[in-house]
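The values are calculated or read from the model by the stated rules, or taken from the named source; none is laboratory data. Since this is a predicted model, take the numbers as computed values, not measurements. Reconstructed Cβ throughout: ideal geometry from the backbone, glycine too, with neighbour counts over all protein chains shown.
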Amino acid sequence: MIWSRIALNWSWSGHGLISSISCAPNGEFYRISVKKEHGNHQRPEGYVSNLLHNSIQHGAMIEVAAPYGDFVLDTENTNPIVFISGGVGLTPFMSMLDYLISAGNKRPVTWIHGCRGYQVHAFKDIVRELSEKHGTMSVHTFYDKIEQQIEDGYYEGFVDLSKVQQAMQPGAQYYICGPGAFIKKHFDYLRAQGILRQAIHFEEFGPATLAVG
């Protein structure tokens, strides 16, 4: 079974973290990928993310709940896949992509990701590596601002599906993950293009407040 989430608990502090699993099922371990959240005048720094980065060492024992979740890859479907992510929303897609590679599954994949810029682009080298192993995968990256000369497949500005329309394949299954506004924007765009509701799957990063039709 491919699970999408795992919960980490620190019972002595009353804090916890729900995190996406970012590796393929392997029978040995679960990998999570957690962004270190720095505070500012609008919000406090992330307690658990900073604890993981600063205090939890290799070999430490922590309490975790059983993995769970329903934002998972439909492994029975053989149609092309389009992954659309914003910021750390690419984390669950790393698990799905890792699974496809490890299973030798050659379903065509279009990877569309947006983030602030090159320096904060998580997994960029790993995604390129996996795309080369996959063989039928195209990668498209949007940066808020491009400040240096980089290779093809990069675009300046927020994720705009109309700019990569040629990468969309008939009958594809679409997976979207990111903030609520990000999901709604791309959900509405896909529906306007005639994509069926049942072909669009999404999960909101943060409090679940999104309602789409």
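Side notes on the structure shown:
- Residue check, Ile126 among the β-branched types (Val, Ile, Thr), assigned to a helix (DSSP H, G or I) and more than 24 Å from Glu76 (Cβ to Cβ): yes
- Residues within region 182-201 that are surrounded by 11 or more Cβ atoms within 10 Å (Cβ to Cβ), of a type in the set (Gly, Ala, Ser) and closer than 15 Å to Leu161 by Cα, tallied: 0
- Members of region 156-187 found to be over 21 Å from Pro80 (Cβ atoms), of a type outside the set (Phe, Trp, Tyr) and in a helix (DSSP H, G or I), listed by number: Gly180, Ala181, Lys184, Lys185
- Subset of region 113-130 that is under 14 Å from Leu97 (Cα atoms) and surrounded by 17 or more Cβ atoms within 10 Å (Cβ to Cβ) - its residue that is modelled with the highest pLDDT: His113
- Of all residue pairs spaced 6 or more apart or on separate chains, none has beta-carbon atoms under 9 Å together with a first member in region 178-197 that is free of Cβ contacts under 8 Å to residues at least 40 places away in the same chain and closer than 24 Å to Ser20 by Cβ and a second member that is basic (Lys, Arg) and buried (at least 16 other Cβ atoms within 10 Å of the Cβ).
- Screening region 133-155 for residues that are hydrophobic (A, V, I, L, M, F, W, C) and in a loop (DSSP other than H, G, I, E, B) and picking the one that is modelled with the highest pLDDT gives Ile146.
- No other residue among Asn40, Asn26, Asn79 is assigned to a loop (DSSP other than H, G, I, E, B), modelled with pLDDT of 80 or more and on the phi < 0 side of the Ramachandran plot apart from Asn79.
- Members of region 82-130 found to be touching a residue at least 12 places away in the same chain (Cβ under 8 Å) and β-branched (Val, Ile, Thr), listed by number: Val82, Ile84, Val88, Thr91, Ile101, Val109, Thr110, Ile112, Ile126, Val127
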